[in-house]
Amino acid sequence: MHAAFTRFAIAAAGVVLIAALASFLIYGIPVPYAGYLVWLVAPSAGLPPESTFTFYFWVGLPAMLFDRALGVAAFAPWLFIAAAGAAPALRADRARLLPAAVTIAVTLFALSLFRYWEGGYAPPGRYLLDVLPLAAPFVAYGLFRMRSAPLRAVAFALVALGVIATLAYAAVPTTALNTAFDDKLQELLDAVFGASPIGWLPSFQPTTRDWYIAAYARVIPAVVGVGALAWLGIRVRARP
C-alpha cells in the first residue's frame with residue numbers, strides 16, 4: 001500500500017506541475033486558478049467584497065449532492081451507485097482504490113467550502129469532472145452488488161434519470177444554466193412528463209429567510225437512500 005500511495009503522490013505532484021506550466025504558457029502566471037486567489041485579495045470593482053470561500057460545508061456538501069437544480073441527484077443520480085460499491089471495491093483492491101476514494105472525498109469537502117458550490121452560472125457538476133473517472137470503479141462494483149430484481153430496478157431508475165437529464169441538456173443547452181432563481185431542468189421535465197421526477201429534491205439556494213427548513217427536511221430521505229446503498233455494500237457479501 002505504501003508503494004501505491006507513493007505513486008499516487010508522485011502522480012498528483014506531476015498534475016500540479018503540468019497545471020502550473022499550462023497556466024504559465026496560456027496566461028503568463030504559473031498559478032492554476034489564479035483568478036480565485038486574486039478575488040480573495042482584491043475583488044473586482046463594483047462587486048461586493050465577498051470571499052470565494054464561505055466554509056459553510058454543511059450547506060455546500062448536501063447542496064452539491066442533492067440540490068434539485070444543480071446537485072448530483074438531479075443531473076447524474078447514477079453516481080450514487082458508487083455508495084453500494086465503495087466497501088466491496090476497497091475490500092477487493094484497497095491499495096489501488098483507496099487513493100481514489102480519498103481524492104473524491106477531499107475534493108467534495110474542498111468544493112463544499114466554495115461560495116459558488118454549484119459552479120456559478122454554468123452547467124452543473126463542472127467542478128466534479130476532475131474526479132469523475134475515479135468514481136467509475138466504485139460505480140462498477142455497485143452495479144455488480146445490485147443484482148436482485150428490486151435493486152436492479154433502483155439502478156435502472158437512477159441511470160434513466162441521468163439519461164433524461166443529459167438528453168434535456170443536449171436538446172435545450174440553456175437548461176443547464178441556472179441562477180439562484182432558476183430551476184430549468186425541473187420546469188422542462190414538468191412540461192414533458194406532467195410532473196418532474198426530481199421535484200421532491202430540496203433547494204439549497206437561500207432565496208427566502210427560512211429556506212434551510214425545507215431544504216434539510218427534504219434532504220433526509222435522499223440521505224437515507226444513499227445510506228441504504230452504502231449499507232448494502234458494507235453488510236451484504238458477494239456470492240462466490
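The values are calculated or read from the model by the stated rules, or taken from the named source; none is laboratory data. Please read all numbers here as calculations on a predicted model, not as lab measurements. As a convention, Cβ positions derive from the backbone with ideal geometry for all residues, glycine included, and neighbour counts pool all protein chains shown. These accessible areas exclude ligands, DNA and RNA; they are computed on the full protein's heavy atoms, side chains included. Shrake-Rupley method; radii C 1.70, N 1.55, O 1.52, S 1.80 Å.
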- prompt: Quick one: longest stretch of the chain between exposed loop trypsin sites (Lys or Arg not before Pro), exposed meaning at most 12 other C-beta atoms within 10 Å and loop per DSSP?
  reply: 1-146
For the stretch 110-240, accessible area per residue (1.4 Å probe, heavy atoms of protein chains only), Å²: 59 Å²
message: Mean Kyte-Doolittle hydropathy of 1.6 or higher plus an axial Cα length of 30 Å or more: which whole DSSP H helices in the chain meet both?
response: 2-27, 149-171
field: Distance from the stretch 147-209 to the stretch 124-145 (C-alpha centre basis), Å
entry: 19 Å
statement: Of every hundred units of 1.4 Å-probe accessible area on the chain, the number belonging to carbon and sulfur atoms, as a percent, is 73 percent
query: Say we join alpha carbon atoms closer than 10 Å with springs in a Gaussian network model of the chain; which of Leu132, Leu167, Leu21 then has the biggest fluctuation?
result: Leu21
task: Go through Pro206, Phe24, Tyr127 and say which Cα lies farthest out towards the positive end of the charge dipole of the chain; charges sit on Cβ, +1 for Lys and Arg, -1 for Asp and Glu.
output: Tyr127
query: Where a ≥ b ≥ c are the square roots of the eigenvalues of the C-alpha gyration tensor, would you call the stretch 143-198 rounded, which needs a/c under 1.5, or, failing that, prolate if a/b is larger than b/c, or oblate?
result: prolate
query: How about the stretch 131-240: which chymotrypsin sites (Phe, Trp or Tyr not before Pro) there lie in a loop by DSSP and see at most 13 other Cβ atoms within 10 Å?
result: Phe181, Trp200
- prompt: Name the chymotrypsin sites (Phe, Trp or Tyr not before Pro) in the stretch 49-90 that are in a loop by DSSP and that have at most 16 other C-beta atoms within 10 Å, would you?
  reply: Phe55, Tyr56
- request: Report the one residue of Ala86, Leu167, Ala217 whose Cα lies farthest in the direction of the positive end of the charge dipole of the chain (charges on C-beta: Lys and Arg +1, Asp and Glu -1; origin at the Cα centre).
  value: Ala86
